[in-house]
């Protein structure tokens, strides 16, 4: 079973995918998704959703932990939209959301 940590920033999403092996956490992939500034909010959400969907399927993710960067300021609305689209994706893929 794989699990994913996601940190949401205004211009990027940092993530890590891990597996539990012999009661130890083994990192599988740690990276970030840069969100293009030229995209509209709808395009950004679609872009993020597609990439995370591929990762969920590729690495058999069953649990996800999400965090929103606290110093995001006035752009918190966009971060909340990203969080919402990810929660919907996790739910539709059968991924348990842990906070």
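Annotations for the structure displayed:
- Qualifying residue in the stretch 48-70 (condition: part of a helix (DSSP H, G or I), modelled with pLDDT under 95 and in contact with a helix residue (DSSP H, G or I) (Cβ under 8 Å, 6 or more places away or on another chain)): no
Here is a yes/no grid of residues against (1) over 14 Å from the mean Cα position of the chain (by Cα); (2) in contact (Cβ under 8 Å) with a residue 24 or more places away in the chain:
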residue: 9; (1), (2): no, yes
residue: 40; (1), (2): yes, no
residue: 51; (1), (2): no, no
residue: 55; (1), (2): no, yes
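For every residue, the table says whether it meets (1) under 19 Å from residue 99 (Cα atoms); (2) surrounded by 11 or more Cβ atoms within 10 Å (Cβ to Cβ).
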residue	(1), (2)
2	yes, yes
6	yes, yes
17	yes, yes
21	no, no
42	no, no
55	no, yes
65	yes, yes
68	yes, yes
84	yes, yes
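- Filtered residues of the stretch 1-43 (kept if over 26 Å from residue 79 (Cα atoms) and either touching a strand residue (DSSP E or B) at 6+ places or on another chain (Cβ under 7 Å) or outside any strand (DSSP E or B) (or both)): 1, 19, 22, 23, 25, 26
The values are calculated or read from the model by the stated rules, or taken from the named source; none is laboratory data. Remember, it's a predicted structure, so these values are computed and weren't measured experimentally. All Cβ positions, glycine included, derive from the backbone under ideal geometry; neighbour counts span all protein chains shown.
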